[in-house]
Structure formats: structure tokens, C-alpha cells
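> This structure is in C-alpha cells; I'll ask about it shortly.
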Amino acid sequence: MEKFMDPSNDYPSYSAAPHPAGIAPQSAPSGAPVGQNAQGRPGKPRKAGWRRVLRGFFFVLLFFFLSGAGVGFFYYLRITASLPGVDDLQSYASQFETTRILDRDGNLLYEIIDPNAGRREYIRIDDISPFMIAAIIATEDKDFYSHPGFDLVAIVRAAIQNLSAGETVSGASTITQQLARNLLLDVGERNQRTIERKVKEIILSAEITRRYSKDQILELYLNESYFGNFAYGIEAASQTYFGVPAKFMNLAQASFLAGLPQAPSIYDVHNNYEATMARQKTVITLMYLVSREKNCIAVGNSSSRVCVRETDVSDAIREIESTNFREATFSITYPHWVTLVRSQLEETYGAQALYRMGLTVYTTIDPELQESAQEIVTRQVAGLAANNAHGGALVAIEVETGQIVAMVGSPDFHSEENSGQVNMATAPRQPGSTLKPLIYAAAFEKGWTPATQLWDVPTDFSPTGKAEDLLYSAPYSPVNYDGNFHGLVLVRDALANSYNIPAVKALERVGIYEDPEDPNREGFVSFAQRFGLTSLDRPGFGLSIALGGAETSLVDMTAAYNVLANQGVYVKPQTILRIIDQNGVTVFEADQPERFSVLAEEYAYQLTSILSDRTARAPMFGASSMLDLPFEAAVKTGTTNDFRDNLTLGYTPKMTVGVWVGNPDYTPMISTTGVSGAAPIWHEFMIGAEAAWPGGISGVFRRPAGVVDYQVCALSGTVPSESCGARKLELFAVYQAPLPASEDLLQKTWINSWNGLRANEYCPENAKEVETLNVRDEAARRWILTSAAGNAWAKRYGLIRDGEPVYFTPTESCAPGQGGASLALTNLNDGMILSQDSVEIQGVFSAPDGIRMASIEFGRGVDPGEWYVVQSWNDLMIQSVQPLATWHIAGLENGEYTVRLLAMNSNGGTAETRARVRIDRPPAEVMEEIRFFETPITVYPAETPYPDPYAIPTRDPNLYDSLPTEDPGLMPP
């Protein structure tokens, strides 16, 4: 304040103006008027003018300061006038108003009162272990003994963090502030995140600190805190968790309990063990850091400081990890459900305030459906005991509202042997193949349709989905559940039958994460956030996520499927219908939940059509299975590695139901799948719900106006071409269309047989029109050419025939210089008549890329069906005309013959030139033995082909060892 009262503090300093060299400054005569120089002209009173400006500036600042102080003072008076007194804090404590949790019909499920009231004892601070005092101070308020009830530095730091984050990420509340908030502020203010509420807290905290000692504040805080597991107050908590009085808690026990009051529903050692253990590690680490910073931790109830060493940290962690925690038992109807609702109430109203509010909470649970679900899960899981399956869960959601109408967390809540207290409806587990519909949904947004072609063949993927990473890691090579590969499949069949390789290809197309070079290219992880699968928002996922290699909860997966049932609209799962306070005033009403359109309704309907298509899923699941209901329903199963989890998720137009079967401790089951484990539960519950739910759950899925039918080729999914066999109708959005007929699987194509490119003016010499397979997937080409399964699949659909070369539709045409091989039979011409015993064949054969094999062959007729080798060469080129072979024709029957010069390159491409000649020799006595190349063979009648070793079919696989095949009748062009 003093600097504002002293004008000199606000004036800038100025140096004297310099004078020309050799000229001394002149002063005004003593008789000159003020403000005039020696010549009597007016002077420049610069100094006085600056002072007036600065004085004015000062008074403006003073005005604003006094105005702000006045406003602040009146604001302070207004706030303090509304604050409760702090004369008797004890009168605010331990005043319970029962909160009642009901089902949707008003039946009482649980009353939230002080659960330890029967043995609860308010204890003095001297009866609390110094370790507990040190733990709570290090965790909640390390400067508790030195600040005036609030920490101004922490408040400023929290404000900066919140502004930077754009949301509240830090509260900076001291122990005293927490006590003031929980005891003195009403329910409405307690959960506001406003400056006014924070100011009230600060004022109340300062007043509490002025009137009460630090030990009194800490004593009241520890006696009024809720520690979870129905333990209210530090004495009840110590007895509940460890069976010892609070006075005798050790360091490890204190570090465990001190971490619970912040979020007791989250840090629940029975339902969220890992998070609770992590919290204890955080607390003991904080104790160590504060102990080191402050030369041990001072506590008010002991003259000795609490010192925590590094060895104490590790010892405390080991002790807590080895503790067998006791669990309080109370009679609760639907305990998993009540616990979930209670945790949400705690999150909204505060764990420490919930007992004083006297709320009546109507939840969304339907008692009839809930009883049915619990009975079915318990009975069906019991029947799976021989398969080592002991856990099960079910979630049912009303489609339109998102209300959870049934939720079973385990077959038996009280079964310690099978971890019945763990709510497997909310616990994170791998979803298996139930994630696939969402992956295809993301692919639909990138242009795919139910008729998109996918090759289900052996494929090596980069584990990360990035091709360059395959150079540094082993490939990811998924297989199908049935161990087979199914060739070309369309998206409808791939999803309906849950084929794995197509799903991985879909994820590869979508991408796992955003493309950093294209921020508009959304990856699957971000896409899944729209469906409420927030647990997937972390780095490090690979393509295995397509088969469920991630973790999410059954509730979240059921809500994600509800998007498909709800025409692409996400509704956050609802648990509470309405809340009424102790005065009968409705403080919350679940009228219409917030709805988010996260997927085009056309895509949602296409996926629903696939998941409800019994015919499409019959190859994998059979014509009749537990997935079939007496009414229309879409459904998908999932099974994880080693049978650790299996799921069934499905929906009708009115209800979405998810079922999980497995073991909470991840123990593998024995040959239990989504069909045999979870599906029977889903099937039975859905049939029961149809009868129990008002109006039933069945109906007809609404078809959006933007969905149209196209006739497509059943095998390829394209507009039918001349070569198309079976045809079918498929669903498309109005802005989609099937591939044109020119993309059908079988095509007539002019190719250059040497290089496999489309023939054009640059390669006319080896051009021919052939039937080609329109297969661009290299893995699929390899599968067709080199595997018995691929060969059999192609033959089954008439795509290849024995004894004929296989040509794939080229994607490129010849360019200049790509003409291929040069071959010529220089002394044989079409129509030439041969009458001698033998003919010397002359010619040339060469190619820019080399010739791996060449041969001269002959066959009977103009277009022989079988060929016989006269001479062959490997890795040889003849670039000038010279004799190539001698063709011994004695003993051959007169008639038309074709001679060809055939060449093959290292890629399997071929080129040939032919000459059609006529043998017309005079009749002669047929010898029993003639010689070809000085080797005797037996002469057979003309109709009988020469046998090996000299009558060698040119398609013998030994001539094509660069492309091995399991079928000698199959070879590339």
C-alpha cells in the first residue's frame, strides 16, 4: 500500500538533456517571470506536466483499488452472513439421515445408515495410532499444523492447473476445508465447483482454525470419515479391515486406511484390488517423501516424530499385499447393484456426506427381470462346474432409455472361494470377438459395405498394423477358431461367422490410432470412444485388438451394442430413475437421457442385419443354435485365448443383453465357448424377458429410408457379370454401391503371357486373351497356387481347372521396353510338309530378363491337348539362329502336328511360338524300336501318349520349382 501512497514511486526518472559542446546552460534571470526564459519567451514546464499526469494516474489506480476493496468487503459480508456458525462442530457430526435405495417398483433394496453404529465408538485423538495421524497428514495436508486452515499457495497452484487443463483437475482442499465442506455446507453447495463455494470453505476453515486446536480438528475429521466396506470412522475402519483397535495400527495398516477416504467406492479392496493396492503404495511413498522433506513427520498426539525410511516403504507394501482382508457382511438385496448405485451417489454427493442426506433413490432395476437373471446365471454356471467355469455376469439395458433393468455380478455374492464379491459386470475383461462388429462399423465409415471382399487366407501382418514395423518384429499370423481358411468371403459372411483374418484386415484398414500425418483419419481407438469404450484409450495396442486383445467391462460392451439396437445413438447407461430429498423434493429426474448420434443409422442397420442373419452364420454355428430365438434378434459371441472369457451380446429392438462366463481370477475354463457357456444364459433370459417385460422385448428392426437393395454376385459381391453364378440381394446405403461387374472374380483379359501385364501396343508378340482371376491380395494368390486347400477352394467354385494355367488379372499394362521374350522357329512354317525321317529344328530364344527354362515340344493336331518334349534347356539363351534340336518323326503317324518353342522366366511367365506342320511320309514297316537322342523307347500307337521319361507333360511341377505347388495339375501362367 505504501508504494501507492508515495507518488515518487510511480514517477519515471529522467536524465538532463545534453548541451552542445562548448556552450554552458543559461539560467533565467532572477527577475524573469515564472515559466519564461531570459529573453522573456514562455518556457517549457515539462517536469510539472509529467507530475500532473502521473498524479492523475495514481488517483485512478487508487479509485479502482478502493472500489475493488469495497466490492470485496461487501462480497465477504454477503458470504459470511449466509454461513453457519462453527461454535459446536460436534453438533453437526454423526447426525444421520437414512438414504434408501429402491428398485424401479419402489421395493427397498438397502438403507444407507451408519453400518457400524452397533459398535461405533467416537475415540479421542490420543487413542489413534501416530502412524495414522502421520499417514493422513502426508496424504491429505502435509502443512496441516502450520497453515491457517487453508493453503493459499496450493489454491493458486490448483487454479493455474485447472485453467491450463480447461477443467477441474486439482482441488487443493486442506483437511480443515474438507471438514468444513462435509459438516457445514448444504448438499447443493457441497458438490458445486464454484469460486463462491471455495471462498466459503476458506472462510469457514479459517474460523474453525481460530476456534479449535489442530488436534480437535483432526480428531473430528478421522471420526467422521468413511473408509469404505461399511466402515464409518477410524475405529470402525481399523476393526473392519484388520481386527485391531485404531490405537494399535502399524505403519502398513495406517498407510492403507489413509488412502481410502478420498474415493472409498473406487479404492475397494474386494472389488478393485489392483487400484486399492496402488493407492496404498502412493500413500506410503508420500509418507516417505514428507518424512525426508521435514526431517520426519510431526504428529500432535505424540512427542516423537514418525520417521519413514526406504526399507519401511517396501516392508509396508509387502505386508498389505499379504493381508487377508476381512469383509463386513450385511443383508442387501442385489448387493452388486446396490454397491454400484452407492458408488455413483458417493461420486455425486460425496462419500462423507451421503449418510446425512436422507435421500430416497429409485433405481432402474426391474425386480422380476433381476430375479430371473440371478437364477439363470447361478443355475447355468453351476452346470459348467465340470468345465472349470465358476463365474458369470449379465447386464440388460432398455434400448431407448439406456436404463439398466437387470445386472448380475456373480452367481453367488457371498462365495469367497469363487470371488463372488467381485462384480464381473463392471470388472474389465477381454471382450473377444464381440469387438468385431464395432471394427466393421468403423470400416463402413471408410467405405466398406456388407458386400466388401475379404480374403480369409493365411496372412502375415505387422503386429502394430504398420508395414514398416514388420522389418523389426515377428509377424502376427492369426488363425480361425475352426482352424480352416475360407477363401474369398464378403463382410456379411466374415462377421456372421466371426472369421478372424478378415477382422484383422478390417482393423488394418481402419487403423488402430489416428494417422499423425492426417488428423482427419480417425483410428479405431478414437472411434470406440464414441461408443463409451473409454478403457481402450491408451497406447500400445496392436492388431490383436481385433480379436478382443484389450479390456473393457460387460456394462460398457452392452452399452456399445445398444448403439446398434438404437439406430446408431449412444445413451449412457442409466442406473437411477429419480432422487427425492428428506423434504420430499425431487432433486433428480431421469426424464430423457442425453443422446449422441455416433454412427449413421444405415450402418447400424446393416450390422444388425448381419448379426441377425441365421443363414449367414450357419457355416460356423449351424442351422440351429442357442443364438436363435423365436423372434428376431441380433447376436454375437466371443471367446478369448485359453477359454478365459466367453461372452454373448445381443439385442432386440427393445432390449440389449450381455452375458459373460469365466473365472474372476482368470483361471482358464475347459473347452467353454461363447456358444456353450454364455449363449445358453442369454437365450434363456431373452425368452423370459419377452414374457416378463411390459409389451415384450421383441419387434421388427426399423429399416432406415436410406437403405436400398442391390443384386450382387454371391461369391464376389460385385454387380453380376456373365461369369457370375449364384446371385443374392444385399443391403447398401443410398450413397453406397456394389463394385461394378468389371471387378467380378472371373474376367476375360488380354495379357502378355511373359510378364503377366495387360497386353497393349508395347507387347503384342506374346498377347493372348485368357480367363483371369481378379485377385489382388498377394496372400490369396499364394494360397490358391501353393496350397491344397486353396486349390480345392478355387476348383469348387470353378475358378481353375486341372491341366490349365492360372492367370491373375494384371493391375498394370506393358510399358515401352516390356515386350518380353523373342522366340522364333526359323526353318518351320505353317503348312510345311515333312516327309523325311528326322527334321533339324533351327531358331532363337532370348529375353532381357533371362530365360530360366526353354523347350521344343510337339503335339498331335492343330491345338494339342498333350505335348511331348523334343529338347529342353535350363538358364540358357540362344541369340543367333542355329540348330536347336533334331526331331525324329519316323514311327509317328502321318497327319497334322504342332511344334512349339516354349520359354519360361523366373516368375513363371511364359512365351511361345508355334508352327503347324504335316507329316506325310511314305508307308513303311513300323520298327519295334527307334532312338530319340540315342535312347531306345517303345513306339506306341498314335492315340497313346508317350510315357515318361521322354514324353514329359510341360506342366510337370518339376519344371516350375520356383513356384512349388501341392497339386501337380496347378501352376501359374
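The values are calculated or read from the model by the stated rules, or taken from the named source; none is laboratory data. Bear in mind the structure is a predicted one, so any value in this text is a computation, not a measurement. Every residue, glycine as well, gets a Cβ built from its backbone with ideal geometry; the counts of neighbours run over all protein chains shown. Protein only, heavy atoms only, side chains kept; ligands, DNA and RNA dropped before computing areas. Shrake-Rupley method; radii C 1.70, N 1.55, O 1.52, S 1.80 Å.
> Along Cα→Cβ, 7 Å out, is where each label goes; now give me the distance between the ones at residue 801 and residue 55 in nm to one decimal.
Inter-label distance under the simple model: 11.4 nm.
> So if I restrict to the alpha-carbon atoms in the range 432-550, what is the Rg, and what is Dmax, the biggest pairwise distance, in Å?
When restricted to the Cα atoms of the range 432-550, Rg and Dmax are 13.6, 39 Å.
> Provide the FRET efficiency to the nearest 0.05 for the residue 838-residue 445 pair, computing r from the beta carbons and using R0 = 56 Å.
0.20
> State the extension gain, in nm to one decimal, for the chain segment bounded by residue 761 and residue 104, taking 0.36 nm per residue of separation less the distance between their alpha-carbons.
Full-extension gain reported as 228.6 nm.
> Keeping every protein chain present and rolling a 1.4 Å probe, give me the accessible area per residue for the range 745-818 in Å².
48 Å²
> At what distance in nm do the modelled label points of residue 777 and residue 893 sit from each other, each positioned 7 Å from its Cα along Cα→Cβ?
4.8 nm
> For residue 112, list long-range residues whose amide hydrogen, built 1.01 Å from N in the peptide plane, is under 5 Å from its own amide hydrogen.
Those lying under 5 Å, H to H, from residue 112 are 99, 100, 101.
> Describe numerically, in nm with one decimal, the distance between label points set 7 Å from Cα along Cα→Cβ at residue 302 and at residue 477.
About 6.2 nm separates the two model spin labels.
> Kindly report the accessible area of the range 432-550 per residue (heavy atoms of protein chains, probe 1.4 Å, no ligands, DNA or RNA), in Å².
Normalised by residue count, the accessible surface of the range 432-550 is 38 Å².
> Multiply the residue gap between residue 275 and residue 146 by 0.36 nm, knock off their C-alpha separation, and tell me the result in nm, one decimal place.
43.3 nm
> Across every pair of different alpha-carbon atoms, what Kirkwood hydrodynamic radius in Å does the range 822-919 reach?
It works out to 13.6 Å.
> Working from the pairwise distances between different alpha carbons, so that the mean of 1/r is found and then inverted, what is the range 597-646's Kirkwood radius in Å?
Across the range 597-646, the inverse of the average 1/r is 12.6 Å.
> Which far-off residues, 5 or more places away or on another chain, put their amide H under 5 Å from the one on residue 885, with H placed in the peptide plane?
Result for residue 885 returns 841.
> For residue 849 and residue 687, compute 0.36 nm times the residue count separating them, minus their Cα-Cα distance, and round to one decimal in nm.
Taking 0.36 nm per residue and subtracting the Cα distance, the gain is 51.4 nm.
> A further question on this structure: How do 61, 729, 564 rank by accessible surface area computed with a 1.4 Å probe, from largest to smallest?
The most accessible residue leads, giving 729, 61, 564.
> Of all the Cα-Cα pairs you can form in the range 750-905, what percent are over 28 Å apart?
33 percent
> In whole Hz, with x marking every Gly and Pro, tabulate ³J(HN,Hα) for the range 867-878 from phi via Karplus 6.51 cos²θ - 1.76 cosθ + 1.60, θ = phi - 60°.
Once rounded to whole Hz, the list reads 10, 10, 7, 8, 7, 9, 9, 10, 6, 9, 10, 10.
> Something else about it: Carbon and sulfur together cover what percent of the accessible area of the range 736-882 at a 1.4 Å probe radius?
Answer for the range 736-882: carbon and sulfur cover 47 percent of the accessible area.
> So, one more: Collect residues whose amide H, placed 1.01 Å from N in the peptide plane, falls under 5 Å from the amide H of residue 363; neighbours closer than 5 in sequence don't count.
102, 103, 104, 577
> In Å, what is the Rg of the alpha-carbon atoms in the range 518-607, and how long is Dmax?
According to the Cα coordinates of the range 518-607, Rg and Dmax are 16.8, 56 Å.
> Right, another one. Per Stokes-Einstein, at 10 °C and 1.306 mPa s, what whole-number D in µm² s⁻¹ belongs to the range 282-388, with the Kirkwood radius over Cα pairs as the hydrodynamic radius?
My calculation gives 83 µm²/s for D.
> When you have a sec, figure out the Kirkwood radius of the range 750-811 from all distinct Cα pair distances and drop it here in Å to one decimal?
12.4 Å
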